[in-house]
């Protein structure tokens with residue numbers, strides 16, 4: 001840094017001496033030779049420029065399980081901590097049991113800025129942390145897409161309303177009204193999506209599970225992969241198909257108990273009637289090339 005400052009100050013000193021001396025040739029040459037010394041100073045200024053990161057829309061979610069000696073007292077303290085951090089309680093589900101087997105589930109909404117410290121305090125101040133699962137989702141592109149589509153939908157709706165004023169026939173008015181209705185439905189859907197994204201990104205979601213000293217926490221089994229995953233999926237599909245088949249059979253069984261005996265009775269009667277029916281007379285066989293001969297007429301007898 002000292003060498004650079006001296007090199008940068010040398011041209012200025014040479015310039016001042018040249019002006020005081022009336023601009024002699026020797027001094028002018030010294031000034032001209034010292035001009036390239038400004039480059040290192042400019043390069044040092046450029047290297048200090050830092051790129052400002054772009055704001056991102058992030059959804060923070062976490063699930064924390066804590067084992068506490070007193071579940072009720074721990075739940076009250078958790079509400080206090082979250083309220084102090086600027087959050088609020090969104091949902092609570094609790095169950096009391098004797099023998100230290102109580103449990104409670106609380107869903108908090110916490111500002112993203114206070115989210116890490118709140119998770120840390122809940123894990124440390126309420127009891128022993130059993131598990132913690134955190135997840136982040138970047139929805140910046142979704143937010144930008146919804147905003148862009150909202151602007152386009154509003155502009156199209158304004159154009160349609162202007163076009164409605166210029167409609168001359170009833171058919172044109174009805175057609176424009178139908179298109180306006182479709183655009184308004186799309187606009188309402190986009191506004192609801194935008195509101196949902198804003199709600200999810202403005203506050204982090206923290207689910208706190210409080211369990212008593214004697215409460216057994218069920219272990220989450222890891223999903224198998226590869227051959228075991230295919231085998232599990234195939235067995236599950238087979239069991240589902242068997243259940244569906246048994247259900248259909250249960251529905252049809254009462255009908256079969258009525259229909260099958262009736263059908264057997266009808267088949268027995270038809271077979272019995274077929275056996276009792278007189279046999280048919282055999283038809284004369286006509287050989288190829290022969291025609292059926294007519295019977296000789298009965299001679300007329302005179303009385």
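Readers should treat all values here as calculations from the given coordinates under stated rules, not as data from a laboratory. Just so it is clear, the structure is predicted and the values come from calculations on it, not from any experiment. Neighbour counts are summed over all protein chains in view; Cβ atoms, including those assigned to glycine, are modelled from backbone coordinates with ideal geometry.
Before moving on, here are some points about what is shown:
- Across region 126-240, the volume of the C-alpha convex hull divided among the residues equals 248 Å³ per residue.
- Label point distance in nm, residue 189-residue 128, each placed 7 Å from Cα along Cα→Cβ: 5.2
- Averaged over residues, the count of other Cβ atoms within 10 Å places the peptides 103-116, 191-204, 169-182 in the sequence 103-116, 191-204, 169-182, highest first.
- Between residue 159 and residue 174, full extension at 0.36 nm per residue minus the direct alpha carbon distance yields a gain of 3.8 nm.
- Look at 119, 139, 251 and count the other Cβ atoms within 10 Å of each Cβ; fewest to most, that gives 251, 139, 119.
- Coarse-grained scattering of region 55-216 at q = 0.10 Å⁻¹, given as base-10 log I(q)/I(0) from a Debye sum over alpha-carbon atoms: -0.54
- If you look at the Cα atoms of region 131-182, you get an Rg and a Dmax of 19.4, 69 Å.
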